[in-house]
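Novice: Here it is: the structure, laid out below.
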Amino acid sequence: MESQKIVLKETAMVLIGQVVCVAVMFGVYALLNKFGTKVLLSGIVGGALATANFFFMAIGASLAANKAEKEDVKGGKATIRYSYTIRLVVLTLLLFACAKSGYFDLLALLLPLLFVRPTLTISEFFRKAGDMQK
C-alpha cells in the first residue's frame, strides 16, 4: 500500500512538471509564430503519453521491488524487463500512429518525453528531509 502512494505521488509530480513544461513549450511555439491546433494536440498527447509511460514504469518497478523483497530476484528482473519491453513497444506504436496520422507536429509530440527527467530532478529540491528516510 505504501508503494502505491509513492507511485501516485511521484506520478503527480511528473504530471505537474509536464503541464508546466508543455505550457512553456506552447509559449515558445507562440513566440515563433508556429503555434496552432497541431502543436496544441501534440503537446497534450505527448504529455499524456510521457506521464502514462512514467506511471507504468513506476508500477513495474514497484512490483519488481516487491518480488525482490520476497527473495524472488529472478522474478523481479523479469518484471522489469517485461515492463520495459511492453512500454517501449506500446509507446513506439502510439507515437508512430500519431506521427503518420498527420494531425500532430512531430517535435511537439516528442519533446514532452524529454520533460520527465528534468521534472524529477527539480522535484528533488522540493522534497522534505523526512521523505528521504521513508
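Novice: How long are the semi-axes of the equivalent ellipsoid of the chain, defined as square roots of 5 times the Cα gyration tensor eigenvalues? Whole Å, largest first.
Specialist: Listed largest to smallest, the semi-axes of the chain are 31, 20, 9 Å.
Novice: Normalising by the residue count of the chain, find the relative contact order in percent from Cα pairs under 8 Å and 6+ residues apart.
Specialist: It rounds to 37 percent for the chain.
Novice: Could you work out the local net charge near residue 32, counting Lys and Arg as +1, Asp and Glu as -1, over the other residues with Cβ closer than 15 Å to its Cβ? The partial results should precede the final answer.
Specialist: Values: positive: 34, 38; negative: 105.
Around residue 32, the surrounding residues sum to +1.
Novice: Full extension from residue 100 to residue 12: what is 0.36 nm times the residue separation minus their Cα-Cα distance, to one decimal in nm?
Specialist: 28.7 nm
Novice: Rounded to the nearest 0.05, what FRET efficiency is calculated for residue 91 and residue 127 with R0 set to 30 Å and r the Cβ-Cβ distance? Could you put the intermediate results ahead of the total?
Specialist: On the way: r = 27 Å, r/R0 = 0.91.
Efficiency computed from Cβ-Cβ geometry: 0.65.
Novice: Still on this structure, please answer the following. Taking loop as defined by DSSP and a crowding limit of 14 other beta carbons within 10 Å, which GluC sites (Glu not before Pro) in the range 53-134 fit?
Specialist: Details: sites: 69, 71, 124; in loops: 71.
Listed in order of number, the matching sites are 71.
Novice: Moving to a separate point now. Which entries in the list 74/128; 70/128; 67/128; 38/100 go over 24 Å, if you measure between the two C-alpha atoms of each?
Specialist: Among 74/128; 70/128; 67/128; 38/100, the Cα-Cα distance tops 24 Å for 74/128; 70/128; 67/128.
Novice: Using unit Cβ charges (K, R positive; D, E negative) and no other charged atoms, how large, in debye to the nearest 20, is the dipole of the chain about its Cα centre? The partial results should precede the final answer.
Specialist: On the way: 15 positive and 8 negative charges, 31 e Å.
It works out to roughly 140 debye.
Novice: Also: Round to the nearest 0.05 the FRET efficiency obtained for residue 66 and residue 114 when R0 = 22 Å and r is the Cβ-Cβ distance.
Specialist: After rounding to 0.05, the efficiency reads 0.15.
Novice: Got a sec? Charge dipole of the chain, +1 on Cβ for Lys and Arg, -1 for Asp and Glu; which of 21, 42, 97 is way out at the positive end?
Specialist: Of the options given, the answer is 97.
Novice: Starting from the Cα of residue 77, step 7 Å along the direction of its Cβ; do the same at residue 24; then give the gap between the two resulting points in nm.
Specialist: 3.9 nm
Novice: Can I ask one more? Net charge near residue 107, counting Lys/Arg +1 and Asp/Glu -1 over other residues with Cβ under 12 Å of its Cβ?
Specialist: +1
Novice: For 28, 14, what's the fewest-to-most ordering of other Cβ within 10 Å of each Cβ? Before the final figure, lay out the partial values.
Specialist: On the way: 28 13, 14 23.
The fewest-first ordering by Cβ neighbours comes to 28, 14.
Novice: Using per-residue counts of other Cβ atoms within 10 Å, averaged over each peptide, order 109-117, 80-88 from highest down. Could you put the intermediate results ahead of the total?
Specialist: On the way: 109-117: 18.3, 80-88: 13.9.
Listed from highest to lowest mean packing, they are 109-117, 80-88.
Novice: Could you tell me which helices of the chain pass both thresholds, a Cα extent of 27 Å or more along their own axis and a mean Kyte-Doolittle hydropathy of at least 0.0, with helices taken as whole DSSP H runs?
Specialist: Those that clear 27 Å and a mean of 0.0 are 2-31, 37-69, 73-101.
Read the figures in this text as sums done on the coordinates, not as results from a lab. This structure is a prediction, so every number in the text was calculated from the model and none was measured. All Cβ positions, glycine included, derive from the backbone under ideal geometry; neighbour counts span all protein chains shown.
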